[in-house]
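Accompanying notes for the structure given below.
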Amino acid sequence: MENSLLTLHNRRILLGITGGIAAYKGAELTRRLQDQGADVRVIMTRSATEFITPLTMQALSKHPVHLDLHNPDTESVMGHIELARWADLVLIAPASANFLARLAHGHGDDLLTAVCLAAECPVAIAPAMNQAMWAKSPTQKNRALLVERGIHFLGPDSGIQACGEVGAGRLLDIEALLIGASNLFASGRLQGKTVLITAGPTREAIDPVRFISNHSSGKQGYALASAAVDAGARVILVSGPTALTAPERVDLVKVTSAQDMHEAVQARLPETDIMIGVAAVSDYRPRMVETQKIKKGQCGERTLTLELVENPDIIAEAAKHPNAPFTVGFAAETENLENYAKRKLLEKNLAMIVANNVANSQIGFNSDANATTIFWAGGEINIPMMSKRALSERLISIIADRIEAAS
Ligand SMILES: Cc1cc2nc3c(=O)[nH]c(=O)nc-3n(C[C@H](O)[C@H](O)[C@H](O)COP(=O)(O)O)c2cc1C
């Protein structure tokens, strides 16, 4: 196999092992995932511990094995929600018939099912069981329910089974599991590309203590940065002031004003293949920045007039740069969304524009969800309300589609 084709490097894989005879193969799988540069953490069901010891899996993964949902120690360090958030992929291999049934029916009464329910990343299941168990209608119905819910199945394979029977139900071989897991990352799709993302608000100084800004939280830009990393890209995140922690594996460039952001972007355009301008950049800044704090009544008037001048149009300038990247703009509007977005697409010469209605507080600046319409020359796609992270995955894959269509 061409290992270089795999895109598991730096991937965080939460490996779930359930109670089946193939549980021992979880040990080899862990090693092989690590050989590909993946960071592997392990959850075992109680039944799995009858087949392979947590100590073995701990020694191989080099991390404590997670066993229990109700564990005060792990819940304060890395509980089920943190584990779900940590993972780029939850891979259950081997998955028992019993586990499929629990997951298909929405149970969350053990750590592995609770993590699967909480996970927003892809979940992949590699079943392994006796061929009759696999063929039985409850198992097949559970499989169909899980597929319908977007859960990926890797295998099972056919052949001789541990019980001596022949048929479908064997755990897929490790090589096939590695390829299957690798293919699941929307990734690879932006492998070798440098993506520059601007995020957050800008601050335009009025005097040493005051500024003009907006309500942008940076959440959408940071979520996109993380999705682009997952898609295999090198990511430069040029961020205005936010309360967020930058995703791991991005080159973070902190800026304050629109002019700072403009300079930071211009300096990096020659190395950029895709630029996504998510930042809510102030259109204007005060012409004069007072060197001392403006005092109340300083001008002998009850009013104070600030003269504003236009800031550079960061995204439009990127799109007309001699080495213009594939440039994606965001249009945050409170009215006439479609008209304004389409006009921006044309006037700024963008490859794509993502329009969202910030007047709706459910999907606005500070919310965790978003809903958008994406426009490009000759096409548009509506993305219903979903988490900013899920929307980012969709957007990255739409960008990859457009780039592939153009090449
Ligand atoms: C020796 C032995 C081997 C088993 N092998 C399998 C198996 O390969 N696949 C399976 O689905 N169940 C198998 N089972 C049954 C599961 O262990 C049982 O359904 C268990 O409750 C699964 O728990 P879990 O899904 O929480 O891990 C086996 C049981 C025993 C005793």
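Restricting region 176-221 to residues that are open to solvent by 10 Å² or more (accessible area, probe 1.4 Å) and in a strand (DSSP E or B), which is nearest to ILE396 (Cα to Cα)? This residue is THR194. The set of residues in region 3-60 being away from the ligand (no atom under 16 Å from the Cβ), open to solvent by 50 Å² or more (accessible area, probe 1.4 Å) and basic (Lys, Arg) consists of ARG31, ARG32.
Just one of (1) open to solvent by less than 70 Å² (accessible area, probe 1.4 Å); (2) in contact with an Asp or Glu (Cβ under 9 Å, 6 or more places away or on another chain) fails for HIS321. It is (2). Of all residues in region 371-391, none satisfies being open to solvent by less than 30 Å² (accessible area, probe 1.4 Å), assigned by TED's automatic domain parsing to the domain that holds ILE206, small (Gly, Ala, Ser) and in a loop (DSSP other than H, G, I, E, B). Between ILE396, ILE403, the distinction of being in a helix (DSSP H, G or I) and buried (at least 19 other Cβ atoms within 10 Å of the Cβ) belongs to ILE396 only. Would you confirm whether any residue within region 67-81 is surrounded by 15 or more Cβ atoms within 10 Å (Cβ to Cβ), assigned by TED's automatic domain parsing to the domain that holds SER47 and at pLDDT 90 or above? The answer is yes, given that some residue of region 67-81 is surrounded by 15 or more Cβ atoms within 10 Å (Cβ to Cβ), assigned by TED's automatic domain parsing to the domain that holds SER47 and at pLDDT 90 or above.
Determine whether THR56 is closer than 26 Å to ASP157 by Cβ and in contact (Cβ under 8 Å) with a residue 24 or more places away in the chain.
When the stated conditions are applied, THR56 passes them.
Of the residues making up region 134-155, at least one is within 16 Å of PRO94 (Cα to Cα), of a type outside the set (Asp, Glu), part of a strand (DSSP E or B) and modelled with pLDDT under 90.
Need at least 3 residues that are at negative phi and within 28 Å of the chain's Cα centre (by Cα) per element, so show me which strands (runs of 3 or more DSSP E) inside region 270-317 make the cut, counting only ones lying wholly within it.
Hits in region 270-317: 274-277.
Would you check which residues across region 299-318 are open to solvent by 40 Å² or more (accessible area, probe 1.4 Å) and under 30 Å from ALA233 (Cα atoms) and list them?
Residues of region 299-318 that are open to solvent by 40 Å² or more (accessible area, probe 1.4 Å), as a first pass: 299-308, 310, 313, 317.
Once the filter is applied, which keeps residues that are open to solvent by 40 Å² or more (accessible area, probe 1.4 Å) and under 30 Å from ALA233 (Cα atoms), region 299-318 yields ASP313, GLU317.
Contact map, region 84-98: residues that are at pLDDT 95 or above and within 16 Å of the ligand (Cβ to nearest atom) paired with residues that are assigned to a helix (DSSP H, G or I) and among the charged types (D, E, K, R), Cβ distance under 9 Å, separation 6+ or inter-chain. Pairs shown: ALA93/LYS25; PRO94/LYS25.
Of all residues in region 98-117, which are open to solvent by 20 Å² or more (accessible area, probe 1.4 Å) and either part of a helix (DSSP H, G or I) or not assigned by TED's automatic domain parsing to the domain that holds ILE174 (or both)? Within region 98-117, ASN98, ALA101, ARG102, LEU117 meet the criteria. Among the residues making up region 118-133, those that are aliphatic (A, V, I, L, M), over 17 Å from the mean Cα position of the chain (by Cα) and open to solvent by 10 Å² or more (accessible area, probe 1.4 Å) are ALA128, MET129, ALA132, MET133.
The sole residue among HIS80, HIS107, HIS70 that is within 14 Å of the ligand (Cβ to nearest atom) and out of contact with any Gly (no Cβ under 7 Å at 6 or more places or on another chain) is HIS107. Taking region 324-347 only, how many residues are buried (at least 16 other Cβ atoms within 10 Å of the Cβ), aliphatic (A, V, I, L, M) and outside any strand (DSSP E or B)? The number of residues fulfilling the criteria is 4.
Contact map, region 110-132: first residue over 14 Å from GLY150 (Cα atoms), second residue near the ligand (Cβ under 9 Å from one of its atoms) and assigned to a helix (DSSP H, G or I), Cβ cut-off under 6 Å, separation 6 or more or different chains; pairs are THR113/ARG102; ALA128/ALA22; MET129/ALA97.
The values are calculated or read from the model by the stated rules, or taken from the named source; none is laboratory data. Predicted, not measured: the structure shown is a model, and the values here were computed from it. Quick reminder, even Gly has a Cβ in these numbers, built from the backbone with ideal geometry, and neighbours come from all protein chains shown. Each accessible area value is taken on the protein alone, full model and side chains, heavy atoms only, with ligands, DNA and RNA left out. Shrake-Rupley method; radii C 1.70, N 1.55, O 1.52, S 1.80 Å.
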